[in-house]
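> Take this structure, written in C-alpha cells, and hold onto it; I'll ask about it next.
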4 protein chains.
Amino acid sequence: MKVLTFSLSLRKDSYNKKLLVLATEAIKKNHSEVNVEHLDLLDYVMPAYDGDVEVTKGLPEAAQRFKEKLEGVEALIIASPEYNFSYPGHFKNTFDWISRFQPFPWSNKAVLLLSASMGLVGGNRGLWHLRVPFEYCNAFVYPGMFSLASAHQAFDEAGALLSAEQQKRLETMTLSFMEFSKNLKY
Amino acid sequence: MKVLTFSLSLRKDSYNKKLLVLATEAIKKNHSEVNVEHLDLLDYVMPAYDGDVEVTKGLPEAAQRFKEKLEGVEALIIASPEYNFSYPGHFKNTFDWISRFQPFPWSNKAVLLLSASMGLVGGNRGLWHLRVPFEYCNAFVYPGMFSLASAHQAFDEAGALLSAEQQKRLETMTLSFMEFSKNLKY
Amino acid sequence: MKVLTFSLSLRKDSYNKKLLVLATEAIKKNHSEVNVEHLDLLDYVMPAYDGDVEVTKGLPEAAQRFKEKLEGVEALIIASPEYNFSYPGHFKNTFDWISRFQPFPWSNKAVLLLSASMGLVGGNRGLWHLRVPFEYCNAFVYPGMFSLASAHQAFDEAGALLSAEQQKRLETMTLSFMEFSKNLKY
Amino acid sequence: MKVLTFSLSLRKDSYNKKLLVLATEAIKKNHSEVNVEHLDLLDYVMPAYDGDVEVTKGLPEAAQRFKEKLEGVEALIIASPEYNFSYPGHFKNTFDWISRFQPFPWSNKAVLLLSASMGLVGGNRGLWHLRVPFEYCNAFVYPGMFSLASAHQAFDEAGALLSAEQQKRLETMTLSFMEFSKNLKY
C-alpha cells in the first residue's frame, strides 16, 4: 500500500509539516508494509489556471508529474493551514489543474485532513472548505479531522506533541484512517 | 447487513421518497441478503431542541426510539429536498436531539445522500450542508451524491426514472455505496 | 427604526440571550430613538415543515404571527449556539415555514449574528451555515460576527463580559451594525 | 464613486468577462458620475503564497500594485467560474497575499458576485465559497448573486443576453447593488 503526504503550508518549518511527520511515524511503527512518501509542493509549481493556456500549451509539466505521483497511491494525508477562513488558494490552483485530467486523479483515494494553526480554532474551517473539491472529485475524505490549535506552543523540541492526549488522538486517528484506506471498496 | 432509508421531505408523494424506492429496488435485486427498512420521519415527531427540556424531562421518547432504530444499522440512505439553499430544518432538529446520546448514534454509519427537486439544480446545495453534521458525528458520507433536477418531470407512472441514463446512474451509485458500506473498517 | 432580537438557544439562562441583552444595552445607550424588541422563539412553536400540511391546513398560526412581527422591522440581531457544526435545526424549521410567504419576510432586513458557546471556537461554524438561508432570502447579513468562546466563564454576575476588550468589541460591532442598518439602500 | 471589476476566469473570451461588460454598461447608462475600471488578473501574477518568501522577500510587487488599485475603490464586481464546486484557486492565492496587508484592503468594500458557467447550475456553489474569505475580511458581499447557466448559449453576437428576462435581472441587480454601495455606512 502506498500513502502520499503533503503540506499546504509551504514554509520549511511549518507546523503542518510537523503533524505529517507524526502521522508518518505512527504508520511506520504499526504498518511496516506501507510505503509512505512525502511530497513537497514547492517541487510542483504551476501557473494560474487559464483555459487559454490549457488550449494552447496543454497541462503544465508539473501537473503531469503530480498526476503521475498520484498513480498507484491509495491514500493521501494532507495537512493544511487556514487562510482567510478557507483553504490556501495556491493548492486549489494545483488541484484545479490536476482535475483537468480524466478520470480525476483524485478519484477513489482515501484522504485524511490535518490542520495546525496558531489560533484557537486550529484551522478547522479551512478543512471544511477543502473537503468539497475532493469529495466532488470522488475522493473518500475521512470524517475525522485533526485540528491543532495554538500550534506554536504545541510541539516539544523533538517534534512530538507536548500533550500526550493530543499525540494519542493523532495516532489513533491515523491508524483508524489506515484501516479505512486498506479496506476501501466502492 | 441492515440499511435504513428515510426521506427529509415529509410529503406522502415526495419525489425524494420515489428515489428511495428506486435505490431500495436496486439493492434488493443485487443483494438479497441485505435487510432494507424504510422509516417515516412522521413517526418520530420531536419538539424543538431545548436544553432546559433536556435537563428537566430528558430526551424525547421519539428520539429514544429513533436511536434504537439506528442500532445495528450499517448504512443509511437519505433523500433530501433543499430548503432555502440548505437542508430541511426539521430533520436537523431531530439530528440535534439524537446527537445528545453518547456515543453518537450516527457514528461509523455509511451514508448515501440523494436529492430530488423541481428546480434545475437538483437540491445539491442542501446536501453539501447536510454532510457537515453527519461527518462531524463520524458518519462516513459517500462522496458521490445523486441529485435529480426537474423531479416533477423525471418519473414515469410506475415510478422509474424516464431517463435510462439517470436510472442507471442511480443504480450504479447505490451498488457502489453498498460495496463501500460492506467493507467499511475504521 | 425597529430592531428585533432573538436567541436560537431556547434555554432560559442561555449565554446567547445574555449577548443579546448586551447588544440591546449598547443600542439603547446610543440610539434612544431606536425601538428594540426581544422575541422568544418559545412563543412561536411550529410543527415540522410538511408540504402536505401546507396544502391542507395552510401555514401555521405561529408562522403567521412571526411574519407579522417581522413587518416594519429593519434589523435583526440573532444569537445562535452551534449544534453539530451547524445551526440549530429547530430555527431552520421556523425559517423554512416563514420563507413560504411571498415576498420573503426576511428580504432586505439587516442581520447581525452573534454566537456564544462553551467550547473554544465560539460557535463560529454554525454562523457560517446560518448566513446562507438568510442571504438566499435577500437579507443583508453583516460581515462582522461576534463569537464568544468559553461562554460559561465569560460573564460577570451582572451579565457584562468580564473581558473589557470583548465587551468593547461587541458594543463597537453592534453600533457599526446600527449605522449599516440605518443607511441600508438597495 | 469608483468601481473595480475583474473576472476570475482568465480566458480572453470568458463568459464571465461578458457578464462584467453588461454590468458595466448598466452602470454607465444610469450613473454617469461613477468611474468603472476593469482589471485583468493576468496583469497581477503572483507566486504561491509562502510564509518563508514573505519573510525573506516581502509581499510580491504584484500584490502591492493590486492593493494600490483597491485604494479609493468603494465597490467590486467580480465574475467567477466554478472550479470543482468551489472558487478558482489562483484568485484565492492572490486574495491570500493581499490579505497580508493590514488593515485588510478588502475591508468595507461592497462586493457583487456574478457567475457564468456552461453547466446547468451556473456556478452558484463556487460563489457561496467565495463569499467566506471576503466576509471574513469585512467586505460587504451583496446577498443577491447572478448565476448564468448554459453560458455558451446565452449571449448574442453583440454580447447581450439572449433572454430579455435575464438581461433585465442582471441590470436590476447591478443597479440595486450600486444603490447599496453608495449608501454603505458602517
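> Taking B:Glu82, is it touching a Lys or Arg at 6+ places or on another chain (Cβ under 8 Å) and farther than 18 Å from B:Ser7 by Cα?
Answer is no for this residue.
> Go through (1) surrounded by 20 or more Cβ atoms within 10 Å (Cβ to Cβ); (2) more than 8 Å from every other protein chain (Cβ to nearest Cβ) one by one and return the number of the condition B:Glu157 breaks.
All conditions pass for B:Glu157, except number (1).
> Okay, next question. Would you confirm, using the coordinates I've provided, whether D:Gly144 is within 15 Å of the chain's Cα centre (by Cα) and more than 10 Å from chain A (Cβ to nearest Cβ)?
Considered against the rule, which asks whether it is within 15 Å of the chain's Cα centre (by Cα) and more than 10 Å from chain A (Cβ to nearest Cβ), D:Gly144 comes out as yes.
> Okay, moving on. Any residue in the range A:107-120 that's within 12 Å of A:Tyr83 (Cα to Cα): show its pairings with residues that are open to solvent by 10 Å² or more (accessible area, probe 1.4 Å) and among the basic types (Lys, Arg) at Cβ separation under 8 Å, as long as the two are six or more apart or on different chains.
Short answer, once both residue conditions are applied: A:Ala116/A:Lys18.
Each row is one residue, and each column tells you yes or no for (1) open to solvent by 10 Å² or more (accessible area, probe 1.4 Å); (2) more than 13 Å from chain A (Cβ to nearest Cβ); (3) closer than 27 Å to B:Asn124 by Cβ.
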site: D:Lys69; (1), (2), (3): yes, yes, no
site: D:Tyr87; (1), (2), (3): no, no, yes
site: D:Phe91; (1), (2), (3): no, no, yes
site: D:Gln102; (1), (2), (3): yes, yes, no
site: D:Leu114; (1), (2), (3): no, yes, yes
site: D:Gly122; (1), (2), (3): no, yes, yes
site: D:Leu130; (1), (2), (3): no, no, yes
site: D:Gln153; (1), (2), (3): yes, yes, yes
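> Here is a list of conditions, (1) within 16 Å of the chain's Cα centre (by Cα); (2) at pLDDT below 95, and D:Phe177 meets all of them except one; can you say which number that is?
With respect to (1) within 16 Å of the chain's Cα centre (by Cα); (2) at pLDDT below 95, D:Phe177 is out only on (2).
> Have a look at D:Pro47, D:Pro81 and point out the one that is in contact (Cβ under 8 Å) with a residue 40 or more places away in the chain, in contact with a Pro (Cβ under 8 Å, 6 or more places away or on another chain) and either of a type outside the set (Gly, Ala, Ser) or in a helix (DSSP H, G or I) (or both).
Of D:Pro47, D:Pro81, the one residue that is in contact (Cβ under 8 Å) with a residue 40 or more places away in the chain, in contact with a Pro (Cβ under 8 Å, 6 or more places away or on another chain) and either of a type outside the set (Gly, Ala, Ser) or in a helix (DSSP H, G or I) (or both) is D:Pro81.
> Can you tell me which residue is farthest from the other protein chains (Cβ to nearest Cβ) among those in the range A:1-55 that are of a type in the set (Gly, Ala, Ser) and either within 24 Å of D:Asp52 (Cβ to Cβ) or open to solvent by 70 Å² or more (accessible area, probe 1.4 Å) (or both)?
A:Ser32
> Condition test on D:Thr56, is it over 24 Å from D:Asn108 (Cβ atoms), outside any loop (DSSP other than H, G, I, E, B) and of a type in the set (Ser, Thr, Tyr)?
yes
> Identify the residue in the range A:160-174 that is more than 13 Å from every other protein chain (Cβ to nearest Cβ) and in contact (Cβ under 8 Å) with a residue 60 or more places away in the chain and, among all such residues, is nearest to the chain's Cα centre (by Cα).
A:Leu170
> Quick one: C:Ile98 ticks every box in (1) surrounded by 21 or more Cβ atoms within 10 Å (Cβ to Cβ); (2) modelled with pLDDT of 95 or more; (3) more than 10 Å from chain B (Cβ to nearest Cβ) except a single one, so which number is it?
Among (1) surrounded by 21 or more Cβ atoms within 10 Å (Cβ to Cβ); (2) modelled with pLDDT of 95 or more; (3) more than 10 Å from chain B (Cβ to nearest Cβ), the lone unmet condition for C:Ile98 is (3).
> Filter the range C:160-186 for residues that are part of a helix (DSSP H, G or I) and open to solvent by less than 20 Å² (accessible area, probe 1.4 Å); which is nearest to C:Pro103 (Cα to Cα)?
The residue in question is C:Ser181.
> Now for a separate question. Find all pairs meeting these conditions: Cβ atoms under 9 angstrom apart; at least six residues apart or on different chains; first residue within the range C:85-103 and assigned to a loop (DSSP other than H, G, I, E, B); second residue of a type in the set (D, E, K, R) and modelled with pLDDT of 95 or more.
Filtered contacts from the range C:85-103: C:Phe85/B:Glu135; C:Tyr87/B:Lys92; C:Pro88/B:Lys92; C:Pro88/B:Asp96; C:Pro88/C:Glu82; C:Arg100/C:Glu54; C:Phe101/C:Lys67.
> Any idea which residue in the range A:71-85 is farthest from A:Met178 (Cα to Cα), counting only those that are within 14 Å of chain D (Cβ to nearest Cβ) and open to solvent by 10 Å² or more (accessible area, probe 1.4 Å)?
Among those residues, the one meeting the criterion is A:Asn84.
> Before we move on, is A:Pro143 under 25 Å from D:Gly126 (Cα atoms), touching an Asp or Glu at 6+ places or on another chain (Cβ under 8 Å) and not hydrophobic (A, V, I, L, M, F, W, C)?
yes
The values are calculated or read from the model by the stated rules, or taken from the named source; none is laboratory data. Keep in mind the model is a prediction, meaning the values are calculated, not measured. All Cβ positions, glycine included, derive from the backbone under ideal geometry; neighbour counts span all protein chains shown. Surface areas here come from the heavy atoms of the whole protein model, side chains and all, with no ligands, DNA or RNA. Shrake-Rupley method; radii C 1.70, N 1.55, O 1.52, S 1.80 Å.
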